[in-house]
């Protein structure tokens, strides 16, 4: 037995640690496959890294293009807004001027109409005063005629009372 123990110590396979032995067996059985898989994994990692880098560059380019397009569109819209604002401002001033002109014209027309009405009223007033004067004169003349008739009648009555008859001087 002692010999068995000493032979075990001299045998390199038996003297190794069981974990080492398991690694050695794994290396023999799966070593080539593990190295191939490791190489494939590294290659895949490299391709994936390159694809990610390429995608990042493409994404950066796309973002830059979108930013440039956005800035261009924003600039164009700002210019159009400026033009529209200027047009609206000009139209507002023109409308305000037209409104002031219309007010002035309406005021002038009202003043002309008022002047014409005052003139018409003055003419009618003068016509009414003239007619009133004529009627007053006609009434005064008629009154004077009545006075003359009354005087004549009065003389006739007194002559009739006196019985003298109508005198020839009247």
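With the structure loaded, tell me whether residue 17 is surrounded by 10 or more Cβ atoms within 10 Å (Cβ to Cβ) and at negative phi or whether it fails that test. For residue 17, the condition - surrounded by 10 or more Cβ atoms within 10 Å (Cβ to Cβ) and at negative phi - is not met. For the condition surrounded by 10 or more Cβ atoms within 10 Å (Cβ to Cβ), more than 42 Å from the chain's Cα centre (by Cα) and at pLDDT below 95, residue 24 qualifies.
The values are calculated or read from the model by the stated rules, or taken from the named source; none is laboratory data. Keep in mind it's a predicted model, so treat the numbers as computed, not measured. For neighbour counting, all protein chains shown are included, and Cβ atoms are generated from backbone atoms with ideal geometry for every residue, glycine included.
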